[in-house]
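The values are calculated or read from the model by the stated rules, or taken from the named source; none is laboratory data. Computed from a predicted structure; not experimentally measured. Virtual Cβ from ideal backbone geometry, glycine too; neighbours counted across all protein chains shown. Note: accessible area is taken over every heavy atom of the protein model, side chains too, but ligands, DNA and RNA are not part of it. Shrake-Rupley method; radii C 1.70, N 1.55, O 1.52, S 1.80 Å.
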Amino acid sequence: MRDATRLRFVLCALALSGLLLYFGFQVSRGFEFQSDLLALLPDAAQDDGVRRIRDEVAARVARRLSVLVGAPDADVALSAARGFAQDLRASGVFEHVDDQIRTSPVAAAREYLPYRTGLLSEQHRRMLERGELAPLHDQAVHSLHSLQSMLRPLPIDEDPLGLLSDFLLAGAGAGAGARRTTELRQGMAVVVDGGMHWVLVQGRLRGSPFSMETQRALTSALESATDALAQRAPRARTVAWGVGLHAAWAARQAQREMSLFGSLSTLAVVGLILATFRSIRPLLLSVVSLGLGVIAGLTACQVVFGRVHLITLVFGTTLVGVAVDYALHFFSDQFRSSSPWSGREALRHVGPSILIGHLAAVAGYATLLLAPLPGVRQMALFSVVGLATACACVLCLFPLLARDNGVREPWALRWARRLGRSPLHFRRDRRHLLAAAILIAFAAGGIAQLRPVDDVRLMHAPPADLVAAEREGQRLLDTSLDSRFLIVRGADAEQVLQREEALRDRLAPLLAAGDVGDAIGVTRGLPSRARQQADRQLQQRHVYGENGLATRLLSELGADPATTRRLSTVDADAPVLDVPRWKSMAASGPLRELWFDDVGGGPAGVVMLDAVRDAERLRSAVAGAEGVVLVDRVADVSALLRDHRVTASLGIVAVYVLIYLALALRYGARDALVILLPPAGAALLTLGLLGWIGSPLNLFNLLALLLVLGMGVDYAIFLREGRRTQPTVLLAIGLSAFTTWISFGLLSLSATPFVRSMGLTLAAGIALVFVLAVWLGPQGVEEDA
Amino acid sequence: MRLFALLLLANAATGAGAAELFDRPADRTTVEQALSEPIGVLRRATVVRARFEQARHLSGFGHPLTSSGEMLFVRGTGIVWRVLEPFDSTSVFDRNGMRSGDGQAGPAPAAALRVLSGVLLSMLDLDVAALESRFEMFTSARSAGWILGLRPRDPGVADFAERMTISGRATLEHIELRDARGDRTEITFRDVTTAGGPATPRDLAPFEP
């Protein structure tokens, strides 16, 4: 026996030294943290191609930062924006920062000119198809005499009817500079609004906005650029938005919470241990067991997941309050009798129940390990490994390190004794039955009011100022780029383009009704070969040639015969615009990013959507479109949270049944029921409480209830196992429930909604399960006997 | 034939004049001094009316495309440009861009239309500060009246109007725009009348959305 304890001590000490060495090695190489909240969720993409495009588009959007620099005076605003852009550029955080809109309609028209006979705008195609030549003629004549005709990118002798001009205006030039409310000044996009001139500056981050290094650099670059701006132009203002700012805020918040919750939990634990045991040794040993637990949890997550998520660390602070249980239990044993106490004796006495309790808690976390959510699994793994390590410390190291410090009757034990003797224990009299009935009614009434909410907002609730800036920016620019977009795939480029054209036809009524603000895809600048050929036939029949509309118009207006002749003999074998040619044109500009040459099994095009007002109509409009996938990450996340919520509620029932069966084997069918009653009651009361306070039900409440079960079974088992020494057991459970409650309760202060949900549920659940365990548990009669 | 020769001569003269004009950059104060008379007239007015003649000299055409009509300029509001010959068509320019009454003008990019509208408004208003933010300015002495040369600072504007001149005596009488291809648009205002006092509802009616 003696040798076994010593052997365990040596082995455990060796293993922990190895852990420390490995951890030190990892830290020296630089620990990498993850802060993308969506990384906590599983990937709903059906296939690799869709995933690749989705990730690429998401990464592109995530790396964009938009800033509007505003001042009452136009010139001040323009020079302020130039300076601001220059400062951002100089920071090195950005791949590039644009204040100049570089699209030149004239240059674009030059590039498109060789292909013009195959290019028509929707409107002109319709007119030519219907043979509406007279209106087309009149339109051209009016246009040529108007003031605004000087804005045409092509001269009359090259595009007399304005067909190519119209094609270009209708699509190819679309970009930030062509927005409805912006105008160009000194090459910059300017919005005039309420006496302010706002100038658009856009940047693309060099690194991922979810890397903490980029976040720090971005924050400081923005701050110093804003400070410099305030010096140069005191009346200037900025409105900045972008995924990077959200990510930076969320990461900062997580770090703040991690250190706040961690230190408060630790403080509570330290205070409690000192107050109870009035000795430094238990404190030091407890802290060592907790520290090693945290280190082991971190290392495990790093090894298994590659990167540790910041939210895992926030959740991980609860390890302090939970893992300290084992140490509390262990040291509380010295109050059991007045005879001299030793660590070995404690091991013999409370070792088994510590182990059972540990297994129950681990079982609770292990059920979370089964959840198909990477974030939850990471938190569970962190906790399981952390708890196991802390438990191993207590069971293997403490027996040889703990000393009797002579304290026998701390105030806490007196409290526990009083609690144990109090008439609070359940008995079948009218008062207790009435209380039970009230609780049942409370739970039932609250549960009836529960409303499920499965929303991406559970993952991230941005602060009001960021949201306000984003709204203001989008209002000024009259845009709201939607997170939804469409992917069009096909066997070859031609098929993709044709499918995208078919898709545009499906979307046309939605665009006309304003249900979708805009749909931007490559076919705006690059029609399919089939369409170009059809449009060429239309133009050859009606526009060019001896008696074509263009020829007639030119002679009517008195053009030189040479000009007219040149247009009447348009080359029928002119080249067709194809993907490689189009991509090599400067004019394809931002649309080029929407084309993917090969995503496995063929190319793909992306259609970005602006201001989607009727998502349902969009969904039904694109349903059944061949080769088209609607990517809707927000809806995917919601569906995922809903599905998992349903699964989790079934899972909870299953876990209860399993634990009941396991308990029944040891304690018998009836006592197993009594042991399970506190956690089950606490779970129902917590749900009722959530219902009464109007907090919506989500997946994370349910996952938290699994943990309540894990902890709660502990308390009931400890009380049951330790009947004979009840006050000390009651003390140990009370202390551990208190520290656990503090740790989880702190989570309910988190800014991350789902962490808050878990915190709230756990805080309520742990408090309730403790009260119920004491109320419904065995009465401490044996101690007096 | 003699007329033709005269025209040629006149063209050459303005061409040389223009080249010279664009050698003489001017700052805001100089321009405001040179234009003090028409600016003074304008500042007392709220509404300006005129008849206009527009000639577009386009490559590939032996003679210009001409049109004429009436112009109404309500200061601080916008311009109603009504073509009467060779056909009837009305366009309204204001701070938000341009609207064409009959929808026959064909589309132009909204951003470009706002720029054009803004430029026209500041030219008719002789708003030197606003012009300065968009153009480099040039002016030269004249025996009678004034002339102002404008060269866009904005490459987007330069695409369509490489340089412009506006000139006149007591009022703005002549606008000339020249694009990078050499196409030229000339606008001449006649029978310019100004009126003070608030604009009448009838004047403002075309600007209602």
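Candidates are the residues of the range A:225-246 that are open to solvent by 70 Å² or more (accessible area, probe 1.4 Å) and part of a helix (DSSP H, G or I); the one that is nearest to residue A:57 (Cα to Cα) is A:227.
Checked against (1) closer than 22 Å to residue A:538 by Cβ; (2) within 12 Å of chain B (Cβ to nearest Cβ); (3) over 51 Å from the mean Cα position of the chain (by Cα), residue A:147 passes all but a single condition, namely (1). When the range B:79-97 is filtered for residues that are facing chain A (nearest Cβ under 8 Å) and either in a loop (DSSP other than H, G, I, E, B) or surrounded by fewer than 18 Cβ atoms within 10 Å (Cβ to Cβ) (or both), the ones remaining, listed by number, are B:86, B:87, B:95. Scoring residue B:133 on the criteria (1) at the interface with chain A (Cβ under 10 Å from one of its Cβ atoms); (2) open to solvent by 20 Å² or more (accessible area, probe 1.4 Å); (3) in contact with a helix residue (DSSP H, G or I) (Cβ under 6 Å, 6 or more places away or on another chain) leaves a single failure, condition (2). Looking across A:657, A:628, A:646, A:653, one residue alone is among the hydrophobic types (A, V, I, L, M, F, W, C) and in contact (Cβ under 8 Å) with a residue 24 or more places away in the chain. It is A:628. Counted as qualifying within the range A:637-748 are the helices (runs of 4 or more DSSP H) with 3 or more residues that are among the small types (Gly, Ala, Ser) and under 23 Å from residue A:326 (Cα atoms), namely A:699-721, A:726-747. Look at the range A:267-279: where a residue is of a type in the set (A, V, I, L, M) and a partner is outside any helix (DSSP H, G or I), sitting 6+ places away or on another chain with Cβ atoms under 8 Å, you get A:275/A:410.
Being more than 7 Å from every other protein chain (Cβ to nearest Cβ), in contact (Cβ under 8 Å) with a residue 40 or more places away in the chain, touching a Ser or Thr at 6+ places or on another chain (Cβ under 7 Å) and crowded, with 22+ Cβ neighbours inside 10 Å holds for only one residue in A:160, A:153, and it is A:153.
Quick check: anything in the range A:325-333 in a helix (DSSP H, G or I) and within 24 Å of residue A:750 (Cα to Cα)? Yes; the residues of the range A:325-333 include at least one that is in a helix (DSSP H, G or I) and within 24 Å of residue A:750 (Cα to Cα). Restricting attention to the range A:334-350, the residues that are open to solvent by 10 Å² or more (accessible area, probe 1.4 Å), assigned to a helix (DSSP H, G or I) and touching a Phe, Trp or Tyr at 6+ places or on another chain (Cβ under 9 Å) total 3.
Here is a yes/no grid of residues against (1) within 9 Å of chain B (Cβ to nearest Cβ); (2) not acidic (Asp, Glu):
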| residue | (1), (2) |
| --- | --- |
| A:90 | no, yes |
| A:93 | no, yes |
| A:106 | yes, yes |
| A:111 | no, no |
| A:125 | no, yes |
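Total residues in the range A:600-617 satisfying the condition of being open to solvent by 10 Å² or more (accessible area, probe 1.4 Å) and of a type in the set (Val, Ile, Thr): the figure is 1. Reported count of residues in the range A:50-65, each being buried (at least 20 other Cβ atoms within 10 Å of the Cβ) and of a type outside the set (A, V, I, L, M), is 2. In the range A:191-212 there is at least one residue matching the filter, namely being facing chain B (nearest Cβ under 10 Å) and modelled with pLDDT of 90 or more. Filtering A:203, A:207, A:195 for residues that are more than 19 Å from residue A:466 (Cα to Cα), open to solvent by less than 30 Å² (accessible area, probe 1.4 Å) and among the small types (Gly, Ala, Ser) leaves a single hit, A:207. Residue count for the range B:43-78 under the criterion of being part of a strand (DSSP E or B), more than 10 Å from every other protein chain (Cβ to nearest Cβ) and open to solvent by 70 Å² or more (accessible area, probe 1.4 Å): the result is 4.
Considering only residues in the range B:98-108 that are modelled with pLDDT under 70 and open to solvent by 40 Å² or more (accessible area, probe 1.4 Å), the one that is farthest from the other protein chains (Cβ to nearest Cβ) turns out to be B:101.
Any chance the range A:620-629 includes a residue that's surrounded by fewer than 20 Cβ atoms within 10 Å (Cβ to Cβ), of a type outside the set (Ser, Thr, Tyr) and either under 26 Å from residue A:37 (Cβ atoms) or in contact with a His (Cβ under 7 Å, 6 or more places away or on another chain) (or both)? No; the residues of the range A:620-629 include none that is surrounded by fewer than 20 Cβ atoms within 10 Å (Cβ to Cβ), of a type outside the set (Ser, Thr, Tyr) and either under 26 Å from residue A:37 (Cβ atoms) or in contact with a His (Cβ under 7 Å, 6 or more places away or on another chain) (or both).
For the range B:151-167, the set of residues classified as open to solvent by less than 10 Å² (accessible area, probe 1.4 Å) and away from chain A (no Cβ under 14 Å) consists of B:166 only. Filtering the range A:660-670 to residues that are in contact (Cβ under 8 Å) with a residue 12 or more places away in the chain and either open to solvent by 40 Å² or more (accessible area, probe 1.4 Å) or more than 17 Å from residue A:719 (Cβ to Cβ) (or both) leaves only A:660.
Within the range A:551-566, none of the residues are assigned to a loop (DSSP other than H, G, I, E, B), in contact with a Pro (Cβ under 9 Å, 6 or more places away or on another chain), of a type outside the set (S, T, N, Q) and open to solvent by less than 10 Å² (accessible area, probe 1.4 Å). In the range A:363-388, which residues are open to solvent by less than 20 Å² (accessible area, probe 1.4 Å) and closer than 27 Å to residue A:663 by Cα? Hits for the range A:363-388 are A:364, A:365, A:368, A:371, A:376, A:379, A:380, A:382, A:383, A:386, A:387. Is there a residue in the range A:631-644 that is open to solvent by less than 30 Å² (accessible area, probe 1.4 Å) and hydroxyl-bearing (Ser, Thr, Tyr)? Yes, that holds for at least one residue.
Just give me the residues in the range A:578-591 being assigned to a helix (DSSP H, G or I) and either out of contact with any Gly (no Cβ under 9 Å at 6 or more places or on another chain) or among the hydroxyl-bearing types (Ser, Thr, Tyr) (or both), in sequence order.
Answer for the range A:578-591, where residues must be assigned to a helix (DSSP H, G or I) and either out of contact with any Gly (no Cβ under 9 Å at 6 or more places or on another chain) or among the hydroxyl-bearing types (Ser, Thr, Tyr) (or both): A:579, A:580, A:581, A:583, A:584, A:586, A:588.
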